[in-house]
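Enquirer: Below is the structure I would like to discuss, written out as structure tokens.
The values are calculated or read from the model by the stated rules, or taken from the named source; none is laboratory data. Given the structure is predicted, the values throughout are model-derived calculations rather than measurements. With ideal geometry, Cβ positions are generated from the backbone for all residues, glycine too; neighbour counts draw on all protein chains shown. When the accessible area is computed, the model is the full protein with side chains, heavy atoms only, and any ligands, DNA or RNA have been set aside. Shrake-Rupley method; radii C 1.70, N 1.55, O 1.52, S 1.80 Å.
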Amino acid sequence: LSQPSFSYHAIPTEGIKSSIYFDPERQSIYTSNKGSESVMRFAVNNNSWTVTSASLKNIDSAVMSPDRKSILTTSTDNKITLLDPVTLGVQSSYQTAGIAGYPHDARPRLTMTNNGKAYFQGANFSDGLDYFDLVTRKFGKLKWSGLFYFYDGPWFNVSGDGDHLMIVQTAGLSPRPPMLYLNSSDEVVKVNSAGIEAWYE
């Protein structure tokens, strides 16, 4: 899709934002707002912005599905909720055993790879990464081998094509443990070879 250029706009909003995503198809920006416990959409039309939101109690993070048909959210009451990106209405909701989260922390704790797996900060990281599979609509754990260290984490970032997932361990140890990564093609957690360590925000 060809994208227009946007002039600068300042839109005052309250709360703590995280997980900001731009949808080129709908010319909209989506974010989770932990302060107001809502999902927000900033939609542009002829360089004019419209702000809408939907309440979602205890929201922690939000991410858009690869097919852009759903906004997937996690909340600290241990729910995965799928929202319609147009209406922000609830499509479906799923309960899990535990999503450890801190409502007033803006670090990225949810991400989605291009095979439809949403990785989130689960209840236990000693043996793998917790995820929700959009294809099967089931929870799972990606097992790993090795000893990794997480405190408040893990924190995530994903490449633009959704294939390369970066996983940050704790920054509270000395020396700091290295950043991890996996590719959705093989789903094997590896230590990065460039010596990159942890980062905070």
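Enquirer: Tell me, what is the per residue accessible area of the stretch 8-164 in Å², probe radius 1.4 Å?
Expert: Normalised by residue count, the accessible surface of the stretch 8-164 is 47 Å².
Enquirer: Rank Tyr8, Tyr151 by accessible area, highest first, at a 1.4 Å probe radius?
Expert: Tyr8, Tyr151
Enquirer: I'd like the distance between the alpha-carbon centres of the stretch 1-52 and the stretch 148-169, rounded to an integer number of Å.
Expert: Taking the Cα centre of the stretch 148-169 as reference, the centre of the stretch 1-52 is 24 Å away.
Enquirer: Where Lys and Arg each count +1 and Asp and Glu each count -1, what net charge lies around Thr52 among other residues with Cβ under 13 Å from its Cβ?
Expert: Here the charged neighbours net out to +1.
Enquirer: Over all distinct Cα pairs, what is the inverse of the mean 1/r for the chain, reported as the Kirkwood hydrodynamic radius in Å?
Expert: 17.5 Å
Enquirer: Around Val90, under 13 Å between beta carbons, what's the net of Lys plus Arg minus Asp minus Glu among the other residues?
Expert: Values: positive: Lys57, Lys79; negative: Asp84.
So the environment of Val90 carries a net charge of +1.
Enquirer: Here's something else I'd like to know. Which residues' amide hydrogens lie under 5 Å from the amide hydrogen of Glu37, considering only partners 5 or more residues apart or on another chain, with H built in the peptide plane?
Expert: Correct list: empty.
Enquirer: What percentage of the solvent-accessible surface of the stretch 52-201, computed with a 1.4 Å probe over protein heavy atoms, is contributed by carbon and sulfur atoms?
Expert: Accessible surface attributable to carbon and sulfur in the stretch 52-201 totals 52 percent.
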